[in-house]
């Protein structure tokens, strides 16, 4: 059955294949497409924001629409672009890096993707159904509880659904990395990207439930008349801030750590050196993950928690600069004396170091609680978090895509176009955001839709908008690069970069069972060890045998669809109780699918070793 | 089917829930899930503690809560946790009938607990004028205790489904992990209740 894969298939069967797939590599590709789409949507919103601010008292958009734009830009970029793109890389690479044939929970992996996608679609439905959420991506109460219309309702349910998907994905990767490593792949031999994926998954597990609860409380307040954040009923809106940031601060580490992992692998591969200070890098990753939970109140310095709380959180925040500094120096030392090859993946990684260091430095400035009273809610903060999230996460995603594109699709992205994208995006990025530090210091508050002329803000904003256009050009060229590579790019071997880790020991793109024989890992950078001892590939840890594979299933798609339908019921039952029928239909679909999944045995199937030989042409 | 043979060995291994890779994955994954659930309930407890004094002119905690019913509920749920331990003990001895019996007792105790909880809620709503919408305290109380009650209900549906699905075919290495994680879930619900009993009821009355 498996030897028919190579045959051409019709569109419908390909679509069905992707709707039902539980293959982590295909799920990775779907995350990439969906995350890329939402990245473009969020980018479009950013362009509208920058165009509104290009000159004083501009009237490109109305004040209300501006609020919707800035809310949806932040929410989309964090939850629907950065997170899924990180998950795309994790799905495509982590099982390969640990020598696994699959993830621990292929069904749940698929469910996680579809929940994310339907959550994202639900959130964006709000644009066409009376207006998007407009209370900022942080949705502070009571602004969010009193925001008229259904915008914030879409925010609550969209994030609830996609958040559940992310949580499921996190658990899947935790178990995969603990249980499914190949023989010899000890924890301290795992590539840094796998390590960061592991720590990120742990952060997801412990951070997202706080958001779940926060969103539930907000939902109850808005839809069912509870009083959590309503001072008139004795409620307390600061609870939302705590719950949001107990989730929200670990979230930024959830995003940045995998990017750190990408850079570690890229630096090591293209410097032809083993990563400098591997043990310290692992330690720093774990420490950042741990400290990430101790610092949430630095987002709330101006709330009035008191000098004691502010001091503790300020010191804890500054402490994170230490492990991050360890990482920066280890990357530099990895480069030092290396046989460096500069290509697109490497350019993004090199561009990351100064950009992220600036973002880290302003982070320490913001951590000083006393000074934060000046910085709070100004463009200084906007500049800071764009330096770490664009300069860190987005650079990391671009670097990772260039690095692993051949592994995912069997073709190398065009280098010339890749470098063009890097330079336009890199220059545009600094042009856009560097000057915003000074706009903020001069007192320009964030989230305002206009500013007055002759207050020293005109030139800075015009420059910032010009930079945004350069970033847009870079992104469009990247898209063109993707298309031109898929059409005209030449097939490459399984190991185009002379790689060091296990994913480069198998063909590109990998067969659906990943490894014909599970490899035997004999140290850090296992493929490099074998190569340096004169072997061509990994030594197998087992004789050729039947391979167990999971069955495809449409249930994850249908379950997510059920929640999607139920959400509309929840949102509109506030105006008309007959909408509650949708809640019952949607939840019925969900519970019915869970029931089917529970009672129907799913043992998977085996690929027989004779078929493996046939496929390989032996 | 080569699975038939491997999933139905002559003698059950010592830890049937961890005898297959799927079982080990389920076992570990479920522990991680319970870690996330812990954060979920911790957030709800934190919210409750912040709002328990905000009665908005309505009844306060020490006016509302009596310990008699709550004591019975605690005993019901603690006992049900014990009976689920017996069920898993018999699972490890490959005694399917006794396992089903003890799971059945667990379900009955769980149902009794839910009945008491419903009775408690209706009393508050009908006679004490203490509702989800009457104050921030009310919202926090019903959300915390209601989330727990929802977990109990889901756990009951889960265990009953497992019992019914496997009633005819008995134990094997495919369904043993399913029974095992369901019992883990049940223990977790029990632990959360111990905290609710302490934080909500005991601290509310004293």
Restricted to the range A:229-242, and to residues that are surrounded by 22 or more Cβ atoms within 10 Å (Cβ to Cβ) and either touching a strand residue (DSSP E or B) at 6+ places or on another chain (Cβ under 6 Å) or free of Cβ contacts under 8 Å to residues at least 12 places away in the same chain (or both), which residue is farthest from the other protein chains (Cβ to nearest Cβ)? A:233
Go through (1) surrounded by 15 or more Cβ atoms within 10 Å (Cβ to Cβ); (2) away from chain A (no Cβ under 13 Å); (3) out of contact with any helix residue (DSSP H, G or I) (no Cβ under 6 Å at 6 or more places or on another chain); (4) farther than 30 Å from residue A:238 by Cβ and name the single condition residue B:22 misses. (2)
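Only one of these is within 13 Å of another protein chain (Cβ to nearest Cβ), free of Cβ contacts under 8 Å to residues at least 40 places away in the same chain and assigned to a helix (DSSP H, G or I): B:115, B:138, B:146. Name it. Working first, answer last.
Details: B:115 fails: within 13 Å of another protein chain (Cβ to nearest Cβ); B:138 fails: free of Cβ contacts under 8 Å to residues at least 40 places away in the same chain.
Being within 13 Å of another protein chain (Cβ to nearest Cβ), free of Cβ contacts under 8 Å to residues at least 40 places away in the same chain and assigned to a helix (DSSP H, G or I) holds for just one of B:115, B:138, B:146, which is B:146.
When only residues in the range A:584-601 that are exposed (fewer than 13 other Cβ atoms within 10 Å of the Cβ) and within 12 Å of another protein chain (Cβ to nearest Cβ) count, which is nearest to residue A:513 (Cα to Cα)?
That would be A:601.
Residues that are at pLDDT 95 or above, in the same structural domain as residue A:67 (by TED's automatic domain parsing) and under 24 Å from the mean Cα position of the chain (by Cα): which helices (runs of 4 or more DSSP H) entirely in the range A:347-449 hold 2 or more of them? Reasoning before the result, please.
On the way: elements: A:369-375, A:379-388, A:395-409, A:415-441.
Counting at least 2 such residues, we get A:379-388, A:395-409, A:415-441.
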Looking only at the range A:280-336, filter to residues that are touching a residue at least 24 places away in the same chain (Cβ under 8 Å) and not in a helix (DSSP H, G or I); which one of those is nearest to residue A:346 (Cα to Cα)? A:336
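Please state which one of A:199, A:178, A:213 is crowded, with 23+ Cβ neighbours inside 10 Å, at pLDDT 95 or above and within 12 Å of chain B (Cβ to nearest Cβ). Give the derivation first.
Details: A:199 fails: within 12 Å of chain B (Cβ to nearest Cβ); A:178 fails: crowded, with 23+ Cβ neighbours inside 10 Å.
A:213 is the lone residue from the list that is crowded, with 23+ Cβ neighbours inside 10 Å, at pLDDT 95 or above and within 12 Å of chain B (Cβ to nearest Cβ).
Just one of B:66, B:57 is more than 18 Å from residue A:229 (Cβ to Cβ) and either in contact with a strand residue (DSSP E or B) (Cβ under 9 Å, 6 or more places away or on another chain) or within 11 Å of chain A (Cβ to nearest Cβ) (or both); which is it? Steps first, answer last, please.
Details: B:66 fails: either in contact with a strand residue (DSSP E or B) (Cβ under 9 Å, 6 or more places away or on another chain) or within 11 Å of chain A (Cβ to nearest Cβ) (or both).
Of B:66, B:57, the one residue that is more than 18 Å from residue A:229 (Cβ to Cβ) and either in contact with a strand residue (DSSP E or B) (Cβ under 9 Å, 6 or more places away or on another chain) or within 11 Å of chain A (Cβ to nearest Cβ) (or both) is B:57.
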Any residue at all in the range A:327-337 that is modelled with pLDDT of 95 or more, under 17 Å from residue A:292 (Cα atoms) and in contact with a helix residue (DSSP H, G or I) (Cβ under 7 Å, 6 or more places away or on another chain)? yes
Name the residue that is farthest from residue B:131 (Cα to Cα), counting only residues in the range B:28-54 that are buried (at least 19 other Cβ atoms within 10 Å of the Cβ) and more than 8 Å from chain A (Cβ to nearest Cβ). B:30
Any hit, the range A:124-132, residues being part of a loop (DSSP other than H, G, I, E, B) and within 14 Å of chain B (Cβ to nearest Cβ): no
Do we have any residue at all in the range A:146-157 that's in a loop (DSSP other than H, G, I, E, B), within 22 Å of the chain's Cα centre (by Cα) and at pLDDT 95 or above? no
Return the only residue of A:234, A:289 being on the phi < 0 side of the Ramachandran plot and in the same structural domain as residue A:220 (by TED's automatic domain parsing). A:289
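Only one of these is farther than 30 Å from residue A:556 by Cβ, surrounded by fewer than 24 Cβ atoms within 10 Å (Cβ to Cβ) and in contact with a helix residue (DSSP H, G or I) (Cβ under 9 Å, 6 or more places away or on another chain): A:135, A:141. Name it. First the steps, then the outcome.
On the way: A:141 fails: surrounded by fewer than 24 Cβ atoms within 10 Å (Cβ to Cβ).
Selected residue: A:135, the only one of A:135, A:141 that is farther than 30 Å from residue A:556 by Cβ, surrounded by fewer than 24 Cβ atoms within 10 Å (Cβ to Cβ) and in contact with a helix residue (DSSP H, G or I) (Cβ under 9 Å, 6 or more places away or on another chain).
Only one of A:103, A:94, A:54 is more than 30 Å from residue B:22 (Cα to Cα) and either surrounded by 24 or more Cβ atoms within 10 Å (Cβ to Cβ) or touching a residue at least 60 places away in the same chain (Cβ under 8 Å) (or both); which? So that I can check it myself, show each step before the final result.
Values: A:103 fails: more than 30 Å from residue B:22 (Cα to Cα); A:94 fails: more than 30 Å from residue B:22 (Cα to Cα).
Step by step, each of A:103, A:94, A:54 is checked, and only A:54 is more than 30 Å from residue B:22 (Cα to Cα) and either surrounded by 24 or more Cβ atoms within 10 Å (Cβ to Cβ) or touching a residue at least 60 places away in the same chain (Cβ under 8 Å) (or both).
Do we find that residue A:322 is crowded, with 22+ Cβ neighbours inside 10 Å and within 14 Å of residue A:364 (Cα to Cα) in this structure?
So residue A:322 does not fit the description; no.
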Could you figure out which of (1) outside any helix (DSSP H, G or I); (2) within 14 Å of chain B (Cβ to nearest Cβ); (3) at pLDDT 95 or above isn't true of residue A:135? (2)
For the structure I just gave you, tell me whether residue B:110 is under 30 Å from residue B:161 (Cβ atoms), at pLDDT 95 or above and crowded, with 17+ Cβ neighbours inside 10 Å. yes
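Which one of these is assigned by TED's automatic domain parsing to the domain that holds residue A:244, out of contact with any helix residue (DSSP H, G or I) (no Cβ under 9 Å at 6 or more places or on another chain) and within 25 Å of residue A:371 (Cβ to Cβ): A:308, A:316?
Numbers: A:316 fails: out of contact with any helix residue (DSSP H, G or I) (no Cβ under 9 Å at 6 or more places or on another chain).
Answer to the selection: A:308.
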Is it true that some residue in the range A:484-493 is out of contact with any strand residue (DSSP E or B) (no Cβ under 9 Å at 6 or more places or on another chain), modelled with pLDDT under 95 and assigned to a loop (DSSP other than H, G, I, E, B)? yes
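Quick one: which of B:162, B:109, B:103, B:173 is away from chain A (no Cβ under 13 Å), in contact with a helix residue (DSSP H, G or I) (Cβ under 8 Å, 6 or more places away or on another chain) and closer than 24 Å to residue B:27 by Cβ? Write out each step before concluding.
Values: B:162 fails: away from chain A (no Cβ under 13 Å); B:109 fails: closer than 24 Å to residue B:27 by Cβ; B:173 fails: away from chain A (no Cβ under 13 Å).
Just one listed residue meets the conditions, B:103.
The values are calculated or read from the model by the stated rules, or taken from the named source; none is laboratory data. As the structure is a computational prediction, the values presented were derived from the model and not from experiment. When we count neighbours, we look across all protein chains shown, and the Cβ atoms used for this are built from the backbone with ideal geometry, even at glycine.
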